[in-house]
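Below: the structure, in structure tokens.
Computed from the coordinates by the stated procedures, all read-outs in this text should not be read as laboratory data. What you are looking at is a predicted structure, and each value in this text was computed from that prediction instead of being measured. Cβ sites come from the backbone with ideal geometry, for glycine too, and all protein chains shown count toward neighbours.
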Amino acid sequence: MRPRFLIATALAIVATATASMQQLPPGYVDPGPVIAAAAKAIGTDNLKCVTVSGTRGYTGAVGQQRFADVGVDWPRIPFTRYSRTMNWDAGTMKEEIDRKPGQNPASWKFGLGWIGGTPVQKNERQTFYVNGKFGWSHDGAGAPAVAARPEDAERWLLDLWVSNPHGFLKAARLPGANPKASWRWELGEMGRDGPTAIPERVTVVSITVLGKYQVDATINKDNIVQRIHTNVHDPAFGDTNYEHENTNTAYGSKYVDAGNGIRFPLTWHHHEGWDDNYASQYVNGGHNALDGFMDTVQANVCPDAAAVPANVQQAAFPVRVETTKLADGVYLLGGASHNSVAVEFREWIAVIEAPLDEKRNLAVIEEIVKLIPNKPIRYVVNTHQHGDHIGGLRTYMHIGATIVTHYKNYVFYNNDILNYRPRTLEPDLVSLMPPTELAEGYYWERVTENYMLTDGKRIMHISYVHPLEHVEGMLMAYLPNERIVVEADLLDTHEGLPSAPTVMNRALFNQVQRLRHDVATIVPIHGKPIPWSDFAKLF
Ligand SMILES: [Zn+2]
Ligand SMILES: [Zn+2]
């Protein structure tokens, strides 16, 4: 009898263990107590709204170019004052950023990219609002409201919930959040925290925000939210790392006591793109996108939310393609902040520039095949690697075009842009129906100095524009028979000509002189074509 009794007990214990495992699989823990302890530690339930402000920090020009020799940052644009008011009950946020005018598009704060196409910032203070699904901005006090595109407004609203621990902990308890939790051992960051001998056990809580974004937060043994991470959509990168750190920043980790049990982090550190410090072979793909120290935190003084201006409520962002014939078989596809140019050859078509996003490029491609029927688009010429100029490269790859780009862009594109990585937030054609050539890799032409596309009659001379402070790996195109030069960012005409030549203008002027191009017309990617003689007057 004795042995049989022992076996029965052992079976009972196994059965109990199996039953509890069915509720919570191995590796997972109950998120409820973790969220409750984290909220209690910083007084989240007592906080309705907050205003934070500071005078030290920068915004990162996400989608521009960081150079291999200056680390992993996006170019830093310092601010002299930053302030943000967040009201979670109302679903509103207001940000003010004081920066030197002339450095940004007026409707842009940080990430993703320079896509808006609005004029350059004219006043020191830019104000950004989000109220529900609407977002808008003002360039200076009293300036008219500029509506944010719906995708930007959604990302700003997302920031209300994922840019700070209180937002995350409130979102974690909203209907539909569906929290899950796991744990891991975490080591400090190499090179910053020094050698860490004993990793710390942390809990990671994952939730759904705005019914769409998978957001996770790392919570340490003191119940403090260290890091909040999610992905957002970027037309060039697809699902893009988007994370906030409230501890371990350049300004040290510090929470301030804001009264009534409320604690708020004084440091803000925001990433767009992965931190590949120690693994990067890439020419581009930056990282730090906002960093600052907040001197003051004011809890529960909740100003009335700004009403959504009528022009913002009514704003629409249709994809418009306006065609201008520049010469026989040469067409400008305009109607947006960025142009493309189609050039007809005997058996095929070459397109210069695939900017913005897939929607834009599919509309342009449809227009091109109407203008020039029964010929394939054989080549797409990419001027440079800024995010707003490459959002359609995958689209052209998908329709079977060969990408002509400067060789310095190749590793970056091959790793970060033209890849099989799933795009979950906004799948594009390559991710939905990936062509086999993507793995085979023969759809590239890499330019070093000069490259010709020709059918024996028409010629497109593509040349490398030597290192520029704005961007490295820049190409421009010249059609000698038509005396047309097509260029991006070297001369923009959408805001008229400058009063004196810029560094970029000079680069264009010198390039044309050096290569002895006989140019009659400049066709910019930004703005309308102008006669060379108008431009030459600047020199
Ligand atoms: Zn650019
Ligand atoms: Zn540009």
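Structure above, values below:
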| read-out | value |
| --- | --- |
| Long-range HN-HN contacts of VAL381 with modeled amide H, under 5 Å | VAL351, ILE352, GLU353, VAL404 |
| Loop-located trypsin sites (Lys or Arg not before Pro) in region 481-524 whose Cβ has at most 12 other Cβ within 10 Å (DSSP) | ARG516 |
| Cβ-defined net charge surrounding THR405, 9 Å radius [Lys, Arg +1; Asp, Glu -1] | +1 |
| 13 Å reach of a label modelled at ALA439, 7 Å along Cα-to-Cβ, counting backbone N of region 404-423 | 420-421 |
| Packing-based order for 157-167, 24-34, using average beta carbon neighbours within 10 Å, highest first | 157-167, 24-34 |
| Pairwise FRET efficiency - THR424 versus MET452, Cβ, R0 = 51 Å, nearest 0.05 | 0.80 |
| Full-extension gain in nm, LYS359 to ASP30, via 0.36 nm per residue minus C-alpha separation | 114.2 nm |
| Two-decimal Rg to Rh for the chain - Kirkwood Rh, Cα set | 1.04 |
| The chain: calculated mean residue ellipticity at 222 nm from DSSP helix runs of at least 4, using -39500 (n - 2.57) | -5500 deg cm²/dmol |
| Total formal charge among the other residues, if their Cβ is under 11 angstrom from that of ASN123, Lys/Arg +1 and Asp/Glu -1 | +1 |
| Cleavage-rule hits, chymotrypsin sites (Phe, Trp or Tyr not before Pro), region 357-429, DSSP coil, Cβ neighbours within 10 Å at most 12 | TYR420 |
| Kirkwood-based shape ratio for region 119-195, expressed as Rg/Rh from alpha carbons | 1.17 |
| For SER83, SER53, order by how many other beta-carbon atoms lie within 10 Å, fewest first | SER53, SER83 |
| GluC sites (Glu not before Pro) restricted to DSSP loop in region 305-414 with at most 13 other C-beta within 10 Å | GLU347 |
| Separation in nanometres of the label points that stand 7 Å from Cα toward Cβ, at VAL503 and LYS48 | 5.0 nm |
| Length released on extending from VAL256 to VAL369, taking residue separation times 0.36 nm less the Cα-Cα span | 34.6 nm |
| Mean Kyte hydropathy of 0.0 or more with a Cα span along the axis of at least 15 Å, helices from DSSP in the chain | 2-23, 31-42, 358-371 |
| For region 30-312, the fraction of alpha-carbon pairs in successive 5 Å shells from zero, as % | 1, 6, 12, 17, 20, 18, 14, 8, 4, 1, 0, 0 |
